[in-house]
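The block underneath contains the structure these notes are about, expressed in structure tokens.
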Amino acid sequence: MNTHLPLGLSLLALLSACATQPPANTWRYNVPDLATPPEAASGRSAKPGWAFSRQAVAAANPLATDAGHQVLLAGGSALDAAIAVQMVLGLVEPQSSGIGGGAFLLHFDGQKVSAHDGRETAPAGARGDMFLAQGKPLPFPEAVQSGHSVGVPGAVRMLEAAHRQHGRLPWAQLLQPAITLAEQGFRISPRLNALLNADALLKKDPLALRFFYQADGQAWPVGHVLRNPEYAHVLRLIAAQGSRALHEGPVAEAMVARTAQAPRPGTLSLQDLASYQPRLREALCFDHMAAARAYRICGFPPPSSGHIAIGQILGMLGHTQAQGPELAAGLPSPDFLHRYTEASRLAFADRAQFVADPDFVQAPAGDWRSLLAQGYLRERSQLIGQQAMKAAPAGQPGGHATSFAPMPPQTEYGTSHISVVDARGRAVAMTTTIEAAFGSRRMVSTDPSRPGGFLLNNELTDFSLAPADAQGRPIANRVEPGKRPRSSMSPTLVFDKTSGQLLMSGGSPGGAAIIHYTAKLLTGTLHWGLNAQKAIDLPNFGSLGGPTMLEAQGFERSTVDALKALGHEVREMEMTSGLQAIERTPSGWWGGADPRREGVVQGD
């Protein structure tokens with residue numbers, strides 16, 4: 001695929017001092033003004049959308065976005081910028097991602113899309129029944145806090161491997177923004193303050209309690225400058241030694257020790273950490289028609305379920321007949337919401353039945369694309385009628401029958417999303433996670449006398465807590481040693497099918513609802529002609545296989561009543577997406593960030 005980016009020469013003239021690319025060894029990170037913290041985390045804070053001519057970075061926190069933009073201005077690649085963004089997010093947004101977690105990175109080098117899998121793995125000592133007590137699954141909060149929930153982190157080693165292929169600036173320089181901010185401090189944002197005060201579990205960890213909270217147990221107030229010297233120390237080791245500093249030596253020993261502590265000590269070992277390897281996978285792409293234009297939409301294959309589910313939902317909708325406009329007064333219409341949520345139920349039924357780590361579970365009919373075949377989706381769409389279905393069955397893609405039991409519904413949390421396009425035509429869409437807010441609530445430090453550290457993930461609770469159903473049939477996404485848990489993360493790149501030109505990079509956090517948030521972005525931009533910001537602004541909706549979910553205060557009462565009349569059980573609820581997107585325009589790029597979170601887009 002070829003792509004051509006506008007040069008933006010007039011803007012470059014205005015920013016010549018910044019845009020001049022210095023030699024790699026002279027770049028220095030400049031700390032931005034800390035006087036104004038990110039916007040409030042509750043409610044909605046309007047985002048204007050941002051226009052750029054050459055390149056752009058979209059991330060969930062302004063400090064992280066700024067670090068990535070500085071890397072681009074210094075001549076770094078899209079991948080370089082994503083690394084700098086991730087390391088800063090681990091500091092300023094510790095509830096969502098970090099070096100103790102994993103990530104899926106979709107990379108476009110101007111010709112080819114590659115999928116870099118940094119998903120966590122189950123330790124060699126993991127057992128299928130480790131989340132059971134007296135034969136029943138543990139309550140989810142107990143499973144999260146247990147040592148069994150901690151998977152072998154993969155984000156740093158994956159980014160290191162991707163940097164060897166696609167990096168331009170030295171690895172160590174890309175960690176400097178996060179090191180500097182960790183040492184000098186950053187101001188607590190309203191969102192971080194609110195999440196810290198709302199989380200009773202984090203206070204049970206002595207290191208986290210001492211670091212994130214005051215003596216009276218209240219979180220540090222908004223605007224408080226928080227320094228994390230231990231995180232800076234660990235990043236300096238990683239800057240000098242690469243991922244080996246995290247996966248071997250004192251940091252690895254500290255991770256193993258924290259995982260081995262009560263409650264329910266885990267089995268993470270030094271060998272598990274040392275032997276972790278990221279996977280380079282083939283991106284999963286499908287063709288899609290919208291508004292008489294052909295697109296090629298690329299995303300992540302299993303162990304992510306997200307892209308398959310998105311492709312199924314969009315494909316089934318293409319085989320259903322609209323009964324009227326899909327937008328009414330600027331909002332999704334009852335008819336569209338009915339068809340969308342019915343398609344979602346069918347997609348989630350297949351997700352529960354089939355999708356798991358491809359190193360352990362064979363794809364239906366031997367190919368994951370069987371779930372996206374047009375004939376199969378046309379057949380599935382025929383189950384969408386005029387009334388809501390009570391229960392959606394899994395299908396038989398390619399005539400494939402499976403002996404697996406469907407995975408029961410289970411809570412999913414977390415994550416953050418990063419999108420980057422650079423001036424040389426390369427792009428990144430990366431979704432990154434430690435799973436639940438603040439992960440397993442286990443903070444790691446190599447020296448308890450030095451404040452701070454980083455949090456370990458609870459990614460193994462993305463496995464089915466029960467390994468089999470009541471009849472003893474195994475569940476595809478059950479715990480097995482060395483296995484990667486199923487994910488919903490959906491980093492997405494969109495191309496013009498005819499020319500191969502890159503059109504958009506996007507994605508979102510949000511657990512299983514990531515699928516719907518990303519599908520909303522694609523529907524709004526490709527089908528409804530909205531720019532990325534306006535598509536992100538739309539109220540959220542979807543179904544995880546059960547009730548129809550609508551974002552609270554997002555829809556008119558008449559819409560809710562119309563859905564109920566069609567037999568839907570409607571639940572109006574908070575649906576806090578964190579969409580980030582960068583789309584091509586005739587003059588360059590347009591960036592959008594979710595009004596429900598703190599993200600911004602920067603570029604030039």
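Spin-label model, residue 360/residue 447: points 7 Å from Cα along the beta carbon direction are separated by 3.9 nm.
The charge dipole of region 498-603, taken about its Cα centre with unit charges on the Cβ of Lys, Arg, Asp and Glu (plus for the first two, minus for the last two), comes to roughly 200 debye. Taking all Cα pairs closer than 8 Å and separated by 6 or more residues, the relative contact order of the chain comes to 25 percent.
FRET efficiency for residue 209 and residue 327, Cβ-Cβ distance as r, R0 = 45 Å, nearest 0.05? The value I calculate is 0.40. Projected label points at residue 585 and residue 571, each 7 Å from Cα along the beta carbon direction, are separated by 3.8 nanometres.
Counting neighbouring beta carbons within 10 Å and listing from fewest to most, the residues 112, 564, 483, 497 come out as 112, 564, 497, 483. Taking 0.36 nm per residue of separation and subtracting the Cα-Cα distance, full extension of the segment from residue 257 to residue 133 would add 42.3 nm.
Take 309-315, 504-510, 555-561 and order them by the average number of nearby Cβ atoms within 10 Å per residue, most first; the result is 504-510, 309-315, 555-561. Pairs of Lys residues in the chain are counted when their Cα atoms are under 21 angstrom apart and they lie 8 or more places apart or on different chains; the count is 6. Among 543-549, 215-221, sorting by the average number of other beta carbon atoms lying within 10 angstrom of each residue, highest first, gives 543-549, 215-221. Counting 0.36 nm for each residue step from residue 386 to residue 498 and taking away their Cα separation leaves a gain of 36.7 nm. The computed volume of the Cα convex hull per residue in Å³ for the structure shown corresponds, within (1) 151; (2) 174; (3) 140, to (3).
Which ordering of 479, 444 is given by a fewest-first count of other beta-carbon atoms within 10 Å? Sorted ascending by nearby Cβ count, the order is 479, 444.
Residue separation of residue 142 and residue 378 scaled by 0.36 nm, minus their Cα-Cα distance, works out to 80.8 nm of gained length.
Put simply, the amide H of residue 328, placed in the peptide plane, has neighbours under 5 Å in 333, leaving out anything fewer than 5 places away on its chain. Descending by average beta-carbon neighbour count within 10 Å, the peptides 430-441, 51-62 line up as 430-441, 51-62, the highest first.
Ordering 307, 163, 69, 319 by the number of other Cβ atoms within 10 Å of each residue's own Cβ, fewest first, gives 319, 163, 69, 307. Positive-end ranking of 513, 306, 560 along the dipole of the chain, with charges on Cβ about the Cα centre, is headed by 306. Using Cβ point charges alone (K and R +1, D and E -1), the dipole size of the chain about the Cα centre works out to roughly 360 debye. Calculated [222 nm] ellipticity per residue, helices only, for the chain: -8500 deg cm²/dmol; basis is -39500 (n - 2.57) per DSSP H run with n ≥ 4, divided by all residues, nearest 500.
Quick note: the coordinates plus some simple rules give every number you see, no bench work behind them. None of the values given here were measured: they were computed from a predicted structure. Cβ: placed from backbone, ideal geometry, glycine included. Neighbour counts: every protein chain shown.
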